[in-house]
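The values are calculated or read from the model by the stated rules, or taken from the named source; none is laboratory data. Everything quoted here is computed from the prediction, not taken from an experiment. We place every Cβ from the backbone using ideal geometry, glycine too, and count neighbours over all the protein chains shown. What goes into the accessible areas is simple: the full protein's heavy atoms, side chains included, and nothing from ligands, DNA or RNA. Shrake-Rupley method; radii C 1.70, N 1.55, O 1.52, S 1.80 Å.
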Amino acid sequence: MERARLGLLEEYHDPLTVSQLDAIGVGEGWRCLDVGAGGGSVTRMLAERVGVSGSVLAVDLDTSLLDELASDRVEVRRHDLLSDQLPGAAFDLVHARLLLMFLSPRLGALQRLVSAARPGGWVASIAPDFTAVALSPTSLVWQRVWSRFLDAALAGGWDPGYGARLCGDLRAAGLVDVHADYIARCYPGGALPSRLLSLTVERLRARMVLLGADNDEIDQARRLLEEPASTIRSPTTCMARGRRPDHS
Ligand SMILES: C[S@@+](CC[C@H](N)C(=O)[O-])C[C@H]1O[C@@H](n2cnc3c(N)ncnc32)[C@H](O)[C@@H]1O
């Protein structure tokens, strides 16, 4: 299930990451760090771009899906961003997609990413804002379940609205030339982002039930996400980047 969710997550976000890496100009010879690299799709993209003269360090708490990517230009390390030390001022690009919203303190984690970038280097991130999600036609069941989803995310230490704050945090962490794009889209039930949302609800089911959600209602809400007659406004995705100042 989690592998399937990661696969959908990559399929949805990879085209956004391509445009972000294009905008930054990541290319031949760059030294890149991919933090919370997960299933490795961004690591693969970076390795292709940096060529034989560049390098990619891919780190995650769980490297089981990354180990096979190790090569002459890709190094894989098990790493906890909240407690382990990263090389300082070492990378042209530090990348963290769909990671910061899960961590606490978020700004402290971001500052660790900034310290790993060389002066003048880039920090790039993507974060969703789940508070923007809406389903129509709506129902009381959906509203109850969605409200429990947000409660469960918060109770688990996530910030479900982090996408709305990412840009401000990049500035607060001292980055310059900060730029953010926000992508808000609607999809029919059963489309890729709707299925992704359904699997994300499933991932939080146990915690939602602990907070009072009803299992049958969660099933009904998931069916609504899969039902072609539903229209779902998916989480607003924030794609943001900034540069470490040249003299820092
Ligand atoms: C939602 S997945 C995103 C994976 C990948 N960045 C992507 O966008 O396809 C979040 C990843 O962050 C990793 N992660 C969570 N907490 C972490 C931490 N403290 N340090 C490093 N990685 C972490 C998880 O193991 C997981 O692989």
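Quick notes on this one:
- With both labels modelled 7 Å from their Cα along Cα-to-Cβ, the Leu107 to Asp246 distance reads 2.8 nm.
- Spin-label zone in region 177-200 - amide nitrogen under 20 Å from a point set 7 Å from the Cα of Asn215 along the C-beta vector: 198-200
- Intensity falloff of region 118-169 expressed as log10 I(q)/I(0), Debye formula with alpha-carbon point scatterers, at q = 0.15, 0.29 Å⁻¹: -0.54, -1.11
- Among 50-56, 116-122, the peptide with the highest mean count of other Cβ atoms within 10 Å heads the list, and the full ranking is 116-122, 50-56.
- Computed over region 176-230, the percent of Cα pairs more than 12 Å apart is 69.
- Extended-chain gain in nm, criterion 0.36 nm per residue less alpha-carbon gap, Thr231 and Ser136: 33.7 nm
- Taking 7 Å steps out from each Cα toward its Cβ at Arg78 and Gln143 produces label points 4.7 nm apart.
- Of the residues Cys32, Cys186, ranked by 1.4 Å probe accessible area with the largest first, the sequence reads Cys186, Cys32.
- Solvent exposure of Thr231, expressed as accessible area, is near 60 Å², computed with a probe of 1.4 Å over the protein chains only.
- MRE, 222 nm, helices only [DSSP H, n ≥ 4, -39500 (n - 2.57), over the chain, to nearest 500]: -12000 deg cm²/dmol
- If the Kirkwood radius is taken over C-alpha pairs of region 138-248, then at 25 °C and 0.890 mPa s the Stokes-Einstein diffusion coefficient equals 157 µm²/s.
- Taking amide H positions as modeled 1.01 Å from N, with prolines and chain starts lacking one, the residues under 5 Å from Glu75 and 5 or more places away or on another chain are Val56, Leu57, Ala58.
- Working note: Karplus 6.51/-1.76/1.60 with θ = phi - 60° gives region 128-135 the couplings x, 10, 6, 6, 7, 5, 9, 10 Hz, where Gly and Pro are set to x.
- Amide H within-cut-off set for Gly121, under 5 Å, with H built and near neighbours excluded: Arg244
- Rounded accessible area per residue of the chain, 1.4 Å, Å²: 43
- Among Gly29, Gly163, Gly38: highest mean-square fluctuation, GNM of the chain, C-alpha pairs under 10 Å: Gly29
- For the chain: span of alpha carbons on each principal axis (Å, largest first): 54, 35, 31
- Cβ-derived FRET efficiency at R0 25 Å, Leu192 paired with Ser19, nearest 0.05: 0.90
- Packing rank of 238-247, 194-203, where each peptide gets the mean count of other beta carbons within 10 Å, highest leading: 194-203, 238-247
- Based on Cα contacts under 8 Å between residues 6+ apart, the chain shows a relative contact order of 21 percent.
- When the surface is traced with a 1.4 Å probe over the full set of protein chains, Ser104 keeps roughly 80 Å² accessible.
- With Cα atoms defining each centre, region 26-81 and region 126-152 are spaced 33 Å apart in the structure.
- Measuring nothing but protein heavy atoms, the accessible surface of the chain at 1.4 Å probe radius is 51 percent carbon and sulfur.
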